[in-house]
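This report refers to the structure that appears directly beneath it.
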Amino acid sequence: MSTVTVTTWYLEQTAPTDLIPAACPPAGQGVRMVRAARPSPEFSRFLYSAVGGDILWTDRLGWSYAQWTEYLARPGVETWVAYEDGTPAGFIELEGRPDGVTEIAYFGLIPAFRGRGIGGHLLSYGTARAWDLADRRSGWEPVRRVWLHTCSKDGRYAMSNYERRGFRLYDTEVSEEPAAATPGPWPGAGDTAPGQGPKAVPAPQTTGATTQT
């Protein structure tokens, strides 16, 4: 079996003031951040596979419905979703602990929404929510550390995005893993030039009563 060398980088912030926020997208772009406060295995699996399909996110593809349900119900697990004109564009998943440590477990954009100024804003917003996560959990210690890891299988801009937001490298690992093809979500997904993602479609004009069929 062929293998591939994978480098994993571990980064952290140790104070809320470490965060260097990115610029917000223009108001007319219709970008907003919403917490998926009601756990939904279907929605979370969609986000995971749609964002990670071209960057070898495979760890959770084999999870059962029960595994997704159990994970999402854990105290401290939060999913924040970026929307552009009402369409999910990406997400950031937080996994907090009562002892004041929060991990950014996953972060990324659906391919067609990359290069549109959303990623830096989503990471900034999500990191801020990582820092104030204990405010939403009764009895938890204030957050004193936010950490994450990324690797050479992730998107090519991931590491630089984290560093621009104020994350500092504290450890590096190199390992050999079995070579694998990207899982999808399907051939050709996101094949658009940077900044040329999908446009909003105006809602049809209707008059009178609607008819249900």
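Structure values in brief
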item	result
Over the chain, relative contact order from alpha-carbon pairs under 8 Å, at least 6 apart, %	35
Label-point gap, in nm, between A105 and S2 - each point 7 angstrom along Cα→Cβ	3.3
Mean accessible surface per residue for region 112-184, computed with a 1.4 Å probe while every protein chain stays in place, in Å²	53
The chain: antiparallel DSSP beta bridges as a percent of all, rounded to 5	90
Percent accessible area from carbon and sulfur atoms, region 56-101, protein chains only, probe 1.4 Å	53
Extension gain, L169 back to A128 (0.36 nm per residue minus Cα-Cα distance, nm)	12.9 nm
Cα-Cα P(r), region 100-186, percent of pairs per 10 Å interval	13, 41, 31, 14, 1
Cβ-based charge dipole, the chain, positive-most Cα from P178, H121, V143	H121
Of A130, A89, A22, the one that fluctuates the most in a GNM where the chain has Cα springs shorter than 10 Å	A22
Choice from P25, P178, P98 showing the highest fluctuation, given a GNM over the chain with Cα pairs closer than 10 Å	P178
For region 45-123, alpha-carbon Rg relative to the globular expectation (2.2 N^0.38 Å, N residues)	1.14
Sites S138 and R38 - FRET efficiency at Förster radius 22 Å, r taken between beta-carbons, to 0.05	0.70
Dipole magnitude (debye, nearest 20) for region 22-83, charges at Cβ of Lys, Arg, Asp, Glu	200
Listed residues H121, H149 arranged by accessible area, highest first, probe 1.4 Å	H149, H121
Label-point gap, in nm, between A23 and R45 - each point 7 angstrom along Cα→Cβ	4.0
Extension reserve of the T182-S64 stretch, reckoned as 0.36 nm per residue once the Cα distance is removed	40.4 nm
Computed helical MRE - 222 nm, the chain, DSSP H runs ≥ 4 contributing -39500 (n - 2.57), nearest 500	-5500 deg cm²/dmol
Space enclosed by the convex hull of the alpha-carbon atoms of region 10-150, per residue, Å³	113
Gaussian network model of the chain, Cα within-10 Å springs - most flexible of G139, G100, G76	G139
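The values are calculated or read from the model by the stated rules, or taken from the named source; none is laboratory data. Just so it is clear, the structure is predicted and the values come from calculations on it, not from any experiment. We place every Cβ from the backbone using ideal geometry, glycine too, and count neighbours over all the protein chains shown. These area figures cover heavy atoms from the full protein model, side chains too; ligands, DNA and RNA do not enter into them. Shrake-Rupley method; radii C 1.70, N 1.55, O 1.52, S 1.80 Å.
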